[in-house]
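The values are calculated or read from the model by the stated rules, or taken from the named source; none is laboratory data. Just so it is clear, the structure is predicted and the values come from calculations on it, not from any experiment. When we count neighbours, we look across all protein chains shown, and the Cβ atoms used for this are built from the backbone with ideal geometry, even at glycine. Please note that ligands, DNA and RNA were not included when accessible areas were found on the heavy atoms of the full protein model with its side chains. Shrake-Rupley method; radii C 1.70, N 1.55, O 1.52, S 1.80 Å.
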Amino acid sequence: MSPQEFIELYEKYQSGNCTPEEINQLGAYRDNFELKDLPWTEAMGNKEAIKLDILYKLNHQINAPKKGFKKYWIAVAASLIFALGLIWLVSYKVHNASIELVQNSSADAKRPVMPGNNKATLTLADGSNIDLTDSRKGLLSKQGSVVIGKSGEGKIVYNAKEGEARSTAALFNMISTPRGGQYQVVLSDGTKVWLNAASSIKFPTVFTGHERKVELTGEAYFEVAKNKDRPFKIAVEQMSIEVLGTHFNVDAYKDEGVIKTTLLEGAVKLVTGNHQAYLKPGQQATLNQQQSFNIGSVNTEEAVAWKNGYFIFNNENIQSIMKKISRWYDVEVVYNGKVDERDFGGTVSRFDSVAEVLKSLELTGTVHFKIEGRKIIVMP
């Protein structure tokens, strides 16, 4: 597949129109996992710097506005990603023996477990549901004076005239993604929201009053429309996030035990109980079970990699990695024996089948897997 074909397929995937075969093709453009202490020759350069720099440029070019969009540079970046992936793969095969996954012999078990895609359910104010996976583009529903439609890019858009928005009683809708799903919605004020797998957002069809408030479970990336007179607030678990206009990611999965807020642009205020915290771009706040904030500088690309089609892991243990794999591929994960406690680092495409992702992990020689239908058994 040429770089140009990669670009076209990526755009097609973002709109939710890729076939399983095309998703497999996209998976060819992937990097691999490694242990954080795996040797790396000086001749190959700074591994992490090269990986993150190329990935950063590729993702930002792909997601750039149409105005000034330079596909030539995307093609160059895509070619570099592909070449770098080949270099890493050769390096792993030199240091590690190839290991095949053991699979059950049944027909269902032989069917590959494919990655998630754009699917969600829209729950209207009257309690009725619309399956967004199967819905065609165009008008979906009308809630009061608000028109709800599905765009050609596969996202849900709420349209309301400003005058009507002020006078209309609030009706609440909710968009929920299942395990193995993701979705994008544009709220009536123009705020863009990307939902990760097993997540939901509850919001009014129009924002009334002096603030714009939504409720979130799971993980989402926000690009909040600026309005200095009407702050945007997100209620998530026991915490509130307040912004005026900014870009940030919120990771609030209950099984993680912490809530992470990562700021890319603008400023946010976090409130829980008697504690408050303010973030600057490039910072991440972690709310722990003791209801206190830990704030530090982070690589923001790691936090939003899921939105751009990648997993990026930085010194993560196998348990943390498998939670994310379980949510995205909608599989059950069980452990058989004591697994190596060392951390992993690296990147992998979310377009890959789960077998391909697990093979990349197995190349480290420290963990093994057995796939039984939609169950993954993790072994030392």
- Query: Which residue pairs have Cβ atoms under 6 Å apart, sit 6 or more places apart or on different chains, and have a first residue in the stretch 363-380 that is farther than 15 Å from Q319 by Cβ and a second that is acidic (D, E) and surrounded by fewer than 16 Cβ atoms within 10 Å (Cβ to Cβ)?
  - Reply: G373/D108; K375/E332
- Message: Restricting to the stretch 320-334, give me the number of residues that are under 22 Å from Y221 (Cβ atoms) and open to solvent by 10 Å² or more (accessible area, probe 1.4 Å).
- Response: 6
- Query: What number goes with the only condition from (1) part of a loop (DSSP other than H, G, I, E, B); (2) surrounded by 15 or more Cβ atoms within 10 Å (Cβ to Cβ); (3) of a type outside the set (S, T, N, Q) that G337 does not pass?
  - Reply: (2)
- Test for A169: is it among the small types (G, A, S) and either modelled with pLDDT of 90 or more or outside any loop (DSSP other than H, G, I, E, B) (or both): no
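Residue by residue through the stretch 150-166, note down the ones that are among the aliphatic types (A, V, I, L, M) and modelled with pLDDT under 80. Walk me through it before giving the result.
Here is the first cut: in the stretch 150-166, the residues among the aliphatic types (A, V, I, L, M) are 156-157, 160, 165.
Residues satisfying the conditions are A160, A165.
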- Note on the structure: Subset of the stretch 288-319, residues modelled with pLDDT of 90 or more, closer than 26 Å to G337 by Cα and open to solvent by 50 Å² or more (accessible area, probe 1.4 Å), comes to N317, Q319
- Item | Matching residues in the stretch 357-371 - criterion: being outside any loop (DSSP other than H, G, I, E, B), open to solvent by 20 Å² or more (accessible area, probe 1.4 Å) and touching a helix residue (DSSP H, G or I) at 6+ places or on another chain (Cβ under 9 Å) | H368
- Going through the stretch 173-206 one residue at a time, which ones are touching a helix residue (DSSP H, G or I) at 6+ places or on another chain (Cβ under 9 Å), surrounded by fewer than 23 Cβ atoms within 10 Å (Cβ to Cβ) and over 15 Å from N118 (Cα atoms)? D189
- Query: Given the conditions (1) open to solvent by less than 60 Å² (accessible area, probe 1.4 Å); (2) part of a strand (DSSP E or B); (3) more than 17 Å from A252 (Cα to Cα), and given that A285 satisfies all but one, which numbered condition is not satisfied?
  - Reply: (3)
- Single residue of the stretch 139-149 satisfying the filter (open to solvent by 30 Å² or more (accessible area, probe 1.4 Å) and modelled with pLDDT of 85 or more) that is farthest from the chain's Cα centre (by Cα): K142
- Task: Restrict the check to the stretch 160-172 and report whether at least one residue is open to solvent by less than 20 Å² (accessible area, probe 1.4 Å) and not small (G, A, S).
- Result: no
- Please go through the stretch 340-356 and pick out each residue that is open to solvent by 10 Å² or more (accessible area, probe 1.4 Å) and either part of a helix (DSSP H, G or I) or among the aliphatic types (A, V, I, L, M) (or both). A355, E356
- Here the qualifying pairs (Cβ atoms under 8 Å; residues six or more apart or on different chains; first in the stretch 137-156 and closer than 13 Å to P204 by Cα and of a type in the set (S, T, Y); second open to solvent by less than 40 Å² (accessible area, probe 1.4 Å) and part of a loop (DSSP other than H, G, I, E, B)) come out as S145/A160; S145/T168; S145/V206
- Scan the stretch 308-328 and give yes if some residue there is in a strand (DSSP E or B), of a type in the set (D, E) and in contact with a Pro (Cβ under 8 Å, 6 or more places away or on another chain), otherwise no. no
- Item | strands (runs of 3 or more DSSP E) completely within the stretch 179-281 that count 1 or more residues being within 17 Å of the chain's Cα centre (by Cα) and either of a type in the set (F, W, Y) or closer than 25 Å to S292 by Cβ (or both) | 181-186, 192-195, 212-223, 247-252, 259-265
- Message: Please go through the stretch 108-136 and give me each residue that is without any contact (Cβ under 8 Å) to a residue 12 or more places away in the chain and part of a loop (DSSP other than H, G, I, E, B), ordered by number.
- Response: R111, D126, G127, S128, D134
